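Student: Have a look at this one before I ask anything.
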């Protein structure tokens, strides 16, 4: 089954994650150090706040998924949320990075409120980014291409934010770091609005069938997960990916600032991440040659080699850069297919259980990703606190530098090993042709067997 999809639609879909990353990359890489070094909130308090607020946020994801499954407009099920959510998201981005001069408890309360609002608006607009993929095309090859463009957007967003933020803070703040962060996030918020409007104008959903328009109950949505091993694997892999990104993202700024004493290299090392674009571009070819399972295993093995070099040579700028280059290449293959795996899990649930619940399943997968981010962000902050990190101190204790190195260099190795173990249970590549044929004919797996 080959489908023709316009290039502008693929590019627009990539913009959806680029816009999302303007918010989430800023949170992942800079919100912790903003809270500790600019707002003056303790690392332990930040870690606890991240854990509590992000668990609450993760619980909102399945609710948003059910809302999407019950949404039926002339624009589709997912697409309208790009229009409705972009402005609230931008406002929350700015106020989160604008902690006023209050008492320590007042600052913490403000952080809890504004960060919670940011996560809620992000949920409103980002869950549809994942949920819409099964509705863009039924062709598995085209889905891989859509996933490739989404990865392009995510990479450009993450790398662009990582490379540009500190420079923009210095330029726009003119010596006032607090002002710099507020204005920088204002710029990112305006860009996010523009990009989401482009997404809304250019992506089109496959029209929902009459069965898909039926109002699904929460129990109906849950039934789509029964026996859905591929979806469970995609959830766990997404959770681990986000946990690693959260801990490594936090660790990067601290590592180059305090361990290497070269914060000026942060934009440069962020740009190294652009190398991921090479393996991501090759994903459609790799998947056709090896299948999704082998592609992910190969990517993670390469990633382990790269992250291992960075860990062993943590005191050498050359070794750290070499490790990051190799790790980035492996990461493009190892994590580049996570979004596609989720879409395959959605179809598998429909084939296995006869329930079309892309909103709920995508949201529940996002729940896993948010939970990974919550645990990762909190763990990174707690590890800093356990290592006796002192905010802003030029000379950190050896234990603090070890904690920073663990977040940045060791965690990715552990996560890559776990991903290899998980993907060994992926069997959908062999079942895909039969699954697509049955879904095209409106049959479940049991109906086809009978």
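Student: Does residue 365 satisfy being part of a helix (DSSP H, G or I) and farther than 30 Å from residue 438 by Cβ?
Tutor: On the way: part of a helix (DSSP H, G or I): yes; farther than 30 Å from residue 438 by Cβ: no.
It is false that residue 365 is part of a helix (DSSP H, G or I) and farther than 30 Å from residue 438 by Cβ.
Student: Same structure, new question: Considering each residue of segment 211-221, count those that are at pLDDT 70 or above and buried (at least 16 other Cβ atoms within 10 Å of the Cβ), and give that number.
Tutor: Matching residues across segment 211-221 total 2.
Student: State all residues of segment 420-443 that are more than 27 Å from the chain's Cα centre (by Cα) and either under 29 Å from residue 321 (Cα atoms) or outside any helix (DSSP H, G or I) (or both); if no residue qualifies, say none. Talk me through it step by step, then tell me what you get.
Tutor: Start the filter on segment 420-443 by keeping residues that are more than 27 Å from the chain's Cα centre (by Cα), which leaves 430-431, 433-443.
If the condition is that a residue be more than 27 Å from the chain's Cα centre (by Cα) and either under 29 Å from residue 321 (Cα atoms) or outside any helix (DSSP H, G or I) (or both), then 441, 442, 443 are the ones that fit.
Student: Same structure, new question: Residue 208 versus (1) modelled with pLDDT of 85 or more; (2) in contact with a strand residue (DSSP E or B) (Cβ under 9 Å, 6 or more places away or on another chain): which is the lone unmet condition?
Tutor: (1)
Student: Can you tell me which residue among 275, 282, 341 is within 25 Å of residue 361 (Cβ to Cβ) and within 23 Å of the chain's Cα centre (by Cα)?
Tutor: On the way: 275 fails: within 25 Å of residue 361 (Cβ to Cβ); 282 fails: within 25 Å of residue 361 (Cβ to Cβ).
Among 275, 282, 341, only 341 is within 25 Å of residue 361 (Cβ to Cβ) and within 23 Å of the chain's Cα centre (by Cα).
Student: A follow-up question, please. Given the conditions (1) assigned to a helix (DSSP H, G or I); (2) under 21 Å from residue 226 (Cβ atoms); (3) touching a helix residue (DSSP H, G or I) at 6+ places or on another chain (Cβ under 6 Å), and given that residue 446 satisfies all but one, which numbered condition is not satisfied?
Tutor: Among (1) assigned to a helix (DSSP H, G or I); (2) under 21 Å from residue 226 (Cβ atoms); (3) touching a helix residue (DSSP H, G or I) at 6+ places or on another chain (Cβ under 6 Å), residue 446 violates only (3).
Student: List, please: which pairs have Cβ atoms under 7 Å, are six or more places apart or on different chains, and start with a residue in segment 166-190 that is over 18 Å from residue 29 (Cβ atoms) and end with one that is surrounded by 22 or more Cβ atoms within 10 Å (Cβ to Cβ)?
Tutor: Partner pairs satisfying both residue conditions: 190/90.
Student: When you scan segment 70-90, do you find a residue that is part of a helix (DSSP H, G or I), modelled with pLDDT under 90 and either over 23 Å from residue 198 (Cα atoms) or in contact with a strand residue (DSSP E or B) (Cβ under 9 Å, 6 or more places away or on another chain) (or both), even just one? Outline the logic, then answer.
Tutor: Here is the first cut: in segment 70-90, the ones part of a helix (DSSP H, G or I) are 80-90.
If we keep only those that are modelled with pLDDT under 90 too, we end up with none.
No, segment 70-90 contains no residue that is part of a helix (DSSP H, G or I), modelled with pLDDT under 90 and either over 23 Å from residue 198 (Cα atoms) or in contact with a strand residue (DSSP E or B) (Cβ under 9 Å, 6 or more places away or on another chain) (or both).
Student: Sticking with this one: For the structure I just gave you, tell me whether residue 331 is touching a helix residue (DSSP H, G or I) at 6+ places or on another chain (Cβ under 6 Å) and touching a residue at least 60 places away in the same chain (Cβ under 8 Å). Full working, then the answer.
Tutor: Numbers: touching a helix residue (DSSP H, G or I) at 6+ places or on another chain (Cβ under 6 Å): yes; touching a residue at least 60 places away in the same chain (Cβ under 8 Å): no.
Considered against the rule, which asks whether it is touching a helix residue (DSSP H, G or I) at 6+ places or on another chain (Cβ under 6 Å) and touching a residue at least 60 places away in the same chain (Cβ under 8 Å), residue 331 comes out as no.
Student: Which one of these is without any contact (Cβ under 8 Å) to a residue 24 or more places away in the chain, farther than 30 Å from residue 290 by Cβ, touching a helix residue (DSSP H, G or I) at 6+ places or on another chain (Cβ under 8 Å) and in a helix (DSSP H, G or I): 385, 378, 374, 403? Give the steps one after another, and end with the answer.
Tutor: On the way: 385 fails: without any contact (Cβ under 8 Å) to a residue 24 or more places away in the chain; 378 fails: without any contact (Cβ under 8 Å) to a residue 24 or more places away in the chain; 374 fails: without any contact (Cβ under 8 Å) to a residue 24 or more places away in the chain.
It is 403.
Student: Another one. Consider segment 352-362. How many of its residues are crowded, with 24+ Cβ neighbours inside 10 Å and part of a helix (DSSP H, G or I)?
Tutor: Within segment 352-362, residues that are crowded, with 24+ Cβ neighbours inside 10 Å and part of a helix (DSSP H, G or I) number 5.
Student: Okay, moving on. In segment 134-145, how many are closer than 13 Å to residue 203 by Cα and surrounded by fewer than 24 Cβ atoms within 10 Å (Cβ to Cβ)?
Tutor: Of segment 134-145, the ones closer than 13 Å to residue 203 by Cα are 134-137.
Filter again for surrounded by fewer than 24 Cβ atoms within 10 Å (Cβ to Cβ), leaving 136-137.
Of the residues in segment 134-145, 2 are closer than 13 Å to residue 203 by Cα and surrounded by fewer than 24 Cβ atoms within 10 Å (Cβ to Cβ).
Student: OK, next. Which one of the conditions (1) in a loop (DSSP other than H, G, I, E, B); (2) surrounded by fewer than 18 Cβ atoms within 10 Å (Cβ to Cβ); (3) touching a residue at least 40 places away in the same chain (Cβ under 8 Å) does residue 225 fail to meet, given that it meets all the rest?
Tutor: (2)
Student: Which ones in segment 401-419 are more than 19 Å from the chain's Cα centre (by Cα) and surrounded by fewer than 23 Cβ atoms within 10 Å (Cβ to Cβ)?
Tutor: 401, 402, 405, 406, 410, 417
Student: Just to be sure I understand, how many residues within segment 288-320 are in contact (Cβ under 8 Å) with a residue 60 or more places away in the chain and either in a helix (DSSP H, G or I) or within 11 Å of residue 423 (Cβ to Cβ) (or both)? Spell out the reasoning first.
Tutor: Applying the first criterion (in contact (Cβ under 8 Å) with a residue 60 or more places away in the chain) to segment 288-320 yields 288, 291-293, 296-297, 300-301, 303-304, 307-308, 310-311, 314, 320.
Retained after the next criterion (residues that are either in a helix (DSSP H, G or I) or within 11 Å of residue 423 (Cβ to Cβ) (or both)): 288, 291-293, 296-297, 300-301, 303-304, 307-308, 310-311, 320.
Residues meeting the conditions: 15.
The values are calculated or read from the model by the stated rules, or taken from the named source; none is laboratory data. These numbers come from a predicted model, not from an experiment. Quick reminder, even Gly has a Cβ in these numbers, built from the backbone with ideal geometry, and neighbours come from all protein chains shown.
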